[in-house]
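The values are calculated or read from the model by the stated rules, or taken from the named source; none is laboratory data. Everything numeric here is computed off the predicted structure, so don't read it as measured data. Note that each Cβ is placed from the backbone with ideal geometry, even for glycine, and that neighbours are counted across all protein chains shown.
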Amino acid sequence: MPNHPKNWTRLPDVSSDVEGFELGVAARSSSIMDGVDWLFDAGNKRFALRYDGQPAAETVTHWLADLILPQLMAHEGHFVLHCGTVSCPRGALGFIGPSGHGKSTLTASLHQRGLNLISDDAVVLSQNGQTLKAERLYPSLRLFPDSIDLMFPNIGSTTPVAEYTDKRHVTFAPGPASAPLIALFRLADPSDDIHISRLTLADACIALIANSFALDPADPTEAKRRFAESSKVARQIAVYDLHYPRDYGVLSEVHELIFKTVGLDYPEPPLA
């Protein structure tokens, strides 16, 4: 699991029934789920978890790595996108969309097709000369059991993500930590057919804002920075809506259309 940024301090966890918890007069709270909050004092760069009952260790790890770390990174000035990412011969392809829309399954299927999985969860976007670089926070692949059975039938053991989800951590050989980002695909709601449409600049900007992390979305400084970063990304790379039925049997067709859209040769599946 990645550590939180070194200039932030994690204080001991606290029970929800404790009053007057000394985090700082400017402390704010953010809900993770019912009965679970994390408190942060951005001025003094300290935070703590607050919950009713002791969660499992893997659950705390999930909160820290997948929810809190990206928000702290965003507050530090990074543009962090909730995005599954794979690398292809020309660079990185990113997939954004709400949780549960299939980012992990799609990126895992492309990994099985022969592409390199960078991460299924979050990347930091930054300018690198004339290119936009996507860099993972940490290697991650989390799938539901049916996806594991189909795509990783010989995986052996997996580990739980958190006690309130059936998703499991899948061990994989990670691709490069970063790659030039060449296109983003927003996973639309499931549809009966497979098609891709390019978003307008305005819609692409809105999609990027909606799928980026922020410590305090209402903070004017953070909101202004996210808008500026989203606008810059939307002007630099194409952002598409990807429509397809959530059926494992059509994933090869989805792969083919993705590659056709970005002008790359469709990779042959690796030999068994």
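Brief remarks follow.
- Qualifying residue in the stretch 225-237 (condition: in contact with a Leu (Cβ under 6 Å, 6 or more places away or on another chain), without any contact (Cβ under 8 Å) to a residue 60 or more places away in the chain and not polar (S, T, N, Q)): yes
- Looking across the stretch 233-248, just one residue is at pLDDT below 95 and in a helix (DSSP H, G or I), and that is Y248.
- Looking across the stretch 123-156, the residues that are touching a strand residue (DSSP E or B) at 6+ places or on another chain (Cβ under 9 Å) and of a type in the set (S, T, N, Q) come down to S126, Q127, N128, T131, S140.
- Close pairs (8 angstrom Cβ cut-off, 6 or more residues apart or separate chains): touching a residue at least 12 places away in the same chain (Cβ under 8 Å) in the stretch 44-58, of a type in the set (K, R) anywhere: R46/R10; F47/R10; A48/R10
- Failed item, numbered, when A188 is tested on (1) touching a Gly at 6+ places or on another chain (Cβ under 8 Å); (2) of a type in the set (A, V, I, L, M); (3) buried (at least 17 other Cβ atoms within 10 Å of the Cβ): (3)
- Every residue from the stretch 105-162 that is of a type in the set (V, I, T) and not in a strand (DSSP E or B): T105, T107, I148, I155, T158, V161
- The residues of the stretch 151-179 that are in contact with a His (Cβ under 7 Å, 6 or more places away or on another chain) and of a type in the set (V, I, T), listed by number, are T158, T159, V161.
- Residue within the stretch 42-62 that is out of contact with any Asp or Glu (no Cβ under 9 Å at 6 or more places or on another chain), assigned to a loop (DSSP other than H, G, I, E, B) and of a type in the set (D, E) present: no
- Residue in the stretch 162-181 that is aliphatic (A, V, I, L, M), in the same structural domain as S99 (by TED's automatic domain parsing), surrounded by 16 or more Cβ atoms within 10 Å (Cβ to Cβ) and farther than 17 Å from D120 by Cα present: no
- Yes/no for S126 being over 21 Å from A214 (Cα atoms) and polar (S, T, N, Q): no
- Of the candidates R90, R113, the single residue that is surrounded by fewer than 16 Cβ atoms within 10 Å (Cβ to Cβ), more than 24 Å from T9 (Cα to Cα) and basic (K, R) is R90.
- Flag if A214 is among the aliphatic types (A, V, I, L, M) and part of a strand (DSSP E or B): no
- Selection of the stretch 196-232 for residues being crowded, with 16+ Cβ neighbours inside 10 Å and in contact with a strand residue (DSSP E or B) (Cβ under 6 Å, 6 or more places away or on another chain) yields I196, L199, A204, A207, N211, S212, F213, R226, E229.
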